[in-house]
Amino acid sequence: MRRITLRGLLTRKLRLGLTALAIVLGVTFVTGTLVLGDTLNRTFDTLVGGIYQHVDFEIRGTQTLSGISNTGVDSTANRRAVPQSVAGTVSKLPGVQFAYGSVGGFAQLVDRSGNTIGGSNSALGYSFDPNPQLSALKLVRGEAPTTSDEVVIDEHTASSNHFAIGDRVRILLPNGHQTFTISGIVTFGSASSLAGSTLAGFYLPTAQRLFNSVGHDDTINVLLKSGANRVAVQREIAHILPRGIEVVSGQQVANELDQTIHTDLGFLSTALLIFAFISLLVGSFTIFNTFSITVGQRTRELALLRIVGASRRQIFGSVLIEAALTGLVASLIGLGLGVVAALGLKALLGAFGITLPSAPLVFEARTPIVALIVGIGVTTVSAIVPARRAVRIAPVAALVDRGGERPEALRRRRVVVGAVIAALGLLLLALGLANAKIAPVGLGALCVFIATVVLVPAIAAPLASALGRPLAHVLGTPGGLGRQNSARNPRRTAQTAGALMIGIALVSTIAVLGSSLSSSAKQEVNSALASDFIVGGSDAVSPTVAKIAAKLPGNAATTVVYTGQFDVRGSLESLGAASVQGLAANVKLSIVAGQGAPAMARGELLVDTNTATTNDLHVGSVVPVTFAQTGAATMRVGGIFKYNPLVGSYLTGDAYFLSHFDHPLIDAVLISTAPGTQHFERTLNRALNAYPNLSIQSKTQFLASEQKSVNQLLGLIYVLLALAVLIALIGIVNTLMLSVFERTHEIGLLRAVGMQRSQVRWMVRSESVIIALFGAVVGIVVGTGLGLALAGSLRNSGVTALSVPVGSLIVFLVLSALLGLGAASWPARRAAKLDVLRAIASE
């Protein structure tokens, strides 16, 4: 039986090759995602290990806010600062060889053309540690900074921007900008930079001044003497530390940082894996359809095997072995291509603004195991139902002609099951929409997808016939025959179109959700902002910017906006703050109870209506809060306002905010101009020319940038979903190829009675277009409904407007038809090239 199975595989190389291609693409995506995730994890593990390789202990402020990861890039903002005197005291303890305090913050270098180097989020400033045993940064040329005018920069930045020792470089800082002399070049271990970040290292006293840390450090690294008792030294250090300061091992800090990074990277990997499994799901339709048709075409062969003694179990096993071998070969190919896919995914993310560090690819042992399990598993599971149909073939079927595959009537059980699943899905959607919860909407959407797949054969024949009517009118006989072919087997048409239907449904869902987000952004900006100009930065806006802007002629009002984290009743939340003066001219704050600006000026808390309802808050409520730098406190609710996306759910005045946060960076500066003011934007740009990291936008430009961000994310999702659509097209090609093989005798007779080769080609093409349109129409209808449901469930998260992008949906429909036409090219050519006499004699 195994020999017969292998021989059958070799005689059906083409059709199984097309089937395998769908699995190859899916496994390639999965492998690429795993390789990319493992590479990033290994890269950051190496970086973290390098930083804390020789650090025995780290002294830092204790964590006071709940829900914040133990460490991270901005972890020091969530901890108390360490008094500078602690480093000197600790360094005198027996067993301590060296204790060095460090501070860090935003420091972005500017090139000779006046442009910023790198992104604000990767512009790192730090105090340079002169001890080579403690510091992961190695001085490779020049000298360490020893004056307030000197800086060391990383080798990658120096070489790519042609900086040399002794050159002057301008650096943007939290409180403005300053020009320094490059005294040395550093590397991070053996790497020329720290994961692509720009590095600017200063003399410790200089760094403390630049980063608003005079008199204290962010952390203190401790190096012990050889042979020192670690437990005893740690106990002694802890004994002399002031309240709110702790000492932990360097290994613990490294583990915490690793955990935070892995969590963040895990989100990216999970998102990519979701798209990979969508592609595999679509590919399973191709496998199921191929094996279903193949089993139907092999009725006589399988029945003869039963006559000569093959058992049902052997027939069932032969079909599954055929599927497993197909999946194995496809998985091995996909596994090899996955390494290339990892590079492609990294480049794709980079093209959409997600920059990842460069590093050698990591191929973990579990990657091939997962790839093989996924590829073989999906292929085998998809072939189970066709295999069960194969064992039901009676031996007597070998004694009669097949007469072609007859259209199958939709079974009552299928209708009942589909209706029940659809009803459950609609119920979940209704519950999710009623309570504005995305979880039940997501489950409801899944049920709707399943119900659509189950029920769609019921409408396949009439819908395919209706879609084919225009083609029959335009193309005549070829179009009419293509219409009949697509309608005469509803289940096959539905199964073939099902893969494309899922892909188009997902694309349509994202399009509707994106359009709703874009419309909501426009509505929210108009309802939240009253200012004429918004000055912002991707990571830092210096307080000097607000002072410069406030003095410009024509400036009627300036509002400074801040954001920080605080603990509210044990829950980590974002606290917004704004300068009270000029608030009404720049922010549309709709107060429904209590007061607005006066309450903020008194240091009271304003909450939005949703938060007030959820947490049972009202004007006069006293709320326990905790701040990282100042500890526990209470705030009185002074007002309740309608949701405003600009300020978030919690808002207070800038004076109170600044008393609980140590030198926070500004989020944005809002400016309203006096009536009749002209050319203010030009004046503003000229005044802030020294800060190239800033974005200076009018209200219209700000709205356009917000919508651009939404569109950029949608573009990335569309590209990732394109693979699913490609696999769906492979399914159409495969089905048409099998259909041509199945109808060889029929095509031969058509050619014998006068049908031309070109007419045969258009017959196959029209069938393909009808199938593609069928999948697109159903997918667009389902996707539009689900997109509106998802958008509706997010109404408490800022999606305030529902929008259907009719133009985009029409484009999807037209593209589907064109893709269907392209998918038919190869099958149509093969059908037209059939030898008439051999085709007639095939049955």
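Side notes on the structure shown:
- Qualifying strands (runs of 3 or more DSSP E) (wholly inside region 174-257; at least 1 residues being under 30 Å from GLY114 (Cβ atoms) and either modelled with pLDDT of 90 or more or of a type in the set (D, E, K, R) (or both)): 176-188, 198-202
- Criterion: within 17 Å of GLY639 (Cβ to Cβ), modelled with pLDDT under 90 and buried (at least 16 other Cβ atoms within 10 Å of the Cβ) - qualifying residue of LEU606, LEU589: LEU589
- Wholly enclosed strands (runs of 3 or more DSSP E) of region 611-685 bearing at least 3 residues more than 27 Å from GLY536 (Cα to Cα): 622-627, 631-641
- Flag if THR634 is of a type in the set (Ser, Thr, Tyr) and under 25 Å from LEU529 (Cβ atoms): no
- Every condition in (1) closer than 30 Å to LEU40 by Cβ; (2) open to solvent by less than 40 Å² (accessible area, probe 1.4 Å); (3) hydroxyl-bearing (Ser, Thr, Tyr) is met by THR181 except one, and the failing one is (1).
- Pick from region 592-603, criterion of a type outside the set (D, E, K, R) and out of contact with any Leu (no Cβ under 9 Å at 6 or more places or on another chain), ranking: surrounded by the most Cβ atoms within 10 Å (Cβ to Cβ): ALA601
- Residues (small (Gly, Ala, Ser), open to solvent by less than 60 Å² (accessible area, probe 1.4 Å) and at pLDDT below 80) located in region 354-375: ALA359
- Within region 125-137, residues that are more than 18 Å from PHE211 (Cβ to Cβ) have Cβ atoms under 9 Å from residues that are surrounded by fewer than 22 Cβ atoms within 10 Å (Cβ to Cβ) and basic (Lys, Arg) in these pairs: PRO132/LYS138, counting only partners at least 6 apart in sequence or on another chain.
- Residue that is nearest to PHE29 (Cα to Cα) [pool: residues in region 377-393 that are assigned to a helix (DSSP H, G or I), of a type in the set (A, V, I, L, M) and more than 27 Å from the chain's Cα centre (by Cα)]: VAL381
- Considering PHE316, PHE291, the condition of being open to solvent by less than 40 Å² (accessible area, probe 1.4 Å), part of a helix (DSSP H, G or I) and of a type in the set (Phe, Trp, Tyr) is satisfied by PHE291 alone.
- Residues being of a type outside the set (Lys, Arg), modelled with pLDDT of 85 or more and either more than 18 Å from ALA207 (Cα to Cα) or in contact with a Ser or Thr (Cβ under 7 Å, 6 or more places away or on another chain) (or both) - total across region 127-138: 2
- Qualifying residue in region 558-574 (condition: surrounded by fewer than 18 Cβ atoms within 10 Å (Cβ to Cβ), closer than 30 Å to VAL782 by Cβ and touching a residue at least 60 places away in the same chain (Cβ under 8 Å)): no
- Taken over region 787-834, the criterion of being assigned to a loop (DSSP other than H, G, I, E, B), more than 30 Å from SER518 (Cβ to Cβ) and open to solvent by 80 Å² or more (accessible area, probe 1.4 Å) is satisfied by LYS833 alone.
- Output for region 696-718, where each listed residue is of a type in the set (A, V, I, L, M), open to solvent by less than 80 Å² (accessible area, probe 1.4 Å) and touching a residue at least 12 places away in the same chain (Cβ under 8 Å): ILE696, LEU703, VAL710, LEU714, LEU716, ILE717
- Considering (1) within 28 Å of HIS663 (Cα to Cα); (2) open to solvent by 10 Å² or more (accessible area, probe 1.4 Å); (3) in contact (Cβ under 8 Å) with a residue 40 or more places away in the chain, the lone condition that ASN161 does not fulfil carries the number (1).
- On inspection, GLY61 passes the criterion of being over 31 Å from the mean Cα position of the chain (by Cα) and modelled with pLDDT of 85 or more.
- Output for region 761-785, where each listed residue is within 15 Å of ILE510 (Cα to Cα) and open to solvent by 10 Å² or more (accessible area, probe 1.4 Å): ILE780, VAL781, VAL782, THR784, GLY785
- Residue check for THR76: modelled with pLDDT of 90 or more and more than 30 Å from ALA303 (Cβ to Cβ): no
The values are calculated or read from the model by the stated rules, or taken from the named source; none is laboratory data. All values reported here derive from a predicted model rather than from experimental measurement. Glycine gets a Cβ as well: all are built from the backbone with ideal geometry, and neighbour counts include every protein chain shown. With ligands, DNA and RNA removed, areas are computed over all heavy atoms of the protein, side chains included. Shrake-Rupley method; radii C 1.70, N 1.55, O 1.52, S 1.80 Å.
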